[in-house]
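Novice: My structure is below; once you've seen it, I'll send some questions.
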Amino acid sequence: MATKKAGGSSKNLTYSNPKYLGIKLYAGEKAYPGSIIVRQRGTRILPGKNVDLGKDHTIFAIKEGVVEFKTKRKTNFDNSVSIKKVVNVI
């Protein structure tokens, strides 16, 4: 006979807090200095004009203006070409 009650194992008890990633200001919306435009993991979207990149790859506005998204052809080190999204504040 067992001297302890069976503890059991559960797989759904490890939760992590949500990180709230994604685009915070869309194209055509007004951005003020310091306002966050995109929160991301890695540089999926590149910073453009009047925009800077934080240490956690957050893109934020430097000057006041309107948010604009564009695409850019980027040549990699092995001469393959990839198309990246770029965000500007104009």
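Novice: Checking Thr3 against (1) in contact (Cβ under 8 Å) with a residue 12 or more places away in the chain; (2) loosely packed, with under 11 Cβ neighbours inside 10 Å; (3) of a type in the set (Val, Ile, Thr); (4) not in a strand (DSSP E or B), only one condition comes out false. Which one?
Specialist: (1)
Novice: On to the next question. Can you find a residue that is in contact with a Lys or Arg (Cβ under 8 Å, 6 or more places away or on another chain) and not aliphatic (A, V, I, L, M) anywhere in the range 4-21?
Specialist: Yes, because at least one residue in the range 4-21 is in contact with a Lys or Arg (Cβ under 8 Å, 6 or more places away or on another chain) and not aliphatic (A, V, I, L, M).
Novice: Quickly run through the range 30-42 and pick out the residues that are assigned to a loop (DSSP other than H, G, I, E, B), out of contact with any Gly (no Cβ under 9 Å at 6 or more places or on another chain) and surrounded by 13 or more Cβ atoms within 10 Å (Cβ to Cβ).
Specialist: Of everything in the range 30-42, just one residue is assigned to a loop (DSSP other than H, G, I, E, B), out of contact with any Gly (no Cβ under 9 Å at 6 or more places or on another chain) and surrounded by 13 or more Cβ atoms within 10 Å (Cβ to Cβ), namely Ser35.
Novice: Any residue in the range 13-37 that's within 17 Å of Phe60 (Cβ to Cβ): show its pairings with residues that are loosely packed, with under 11 Cβ neighbours inside 10 Å and not polar (S, T, N, Q) at Cβ separation under 7 Å, as long as the two are six or more apart or on different chains.
Specialist: Leu21/Arg41
Novice: Go through the range 43-80 and count every residue that is surrounded by 12 or more Cβ atoms within 10 Å (Cβ to Cβ), outside any loop (DSSP other than H, G, I, E, B) and either in contact with a Lys or Arg (Cβ under 7 Å, 6 or more places away or on another chain) or of a type in the set (Ser, Thr, Tyr) (or both).
Specialist: 5
Novice: Consider Pro18 carefully, then state whether it is surrounded by 11 or more Cβ atoms within 10 Å (Cβ to Cβ), of a type outside the set (Asp, Glu) and either more than 11 Å from the chain's Cα centre (by Cα) or in a loop (DSSP other than H, G, I, E, B) (or both).
Specialist: No.
FYI, it's all coordinate maths here, none of it is from the lab. All of these numbers come straight from a predicted model, not from anything done at the bench. Cβ: placed from backbone, ideal geometry, glycine included. Neighbour counts: every protein chain shown.
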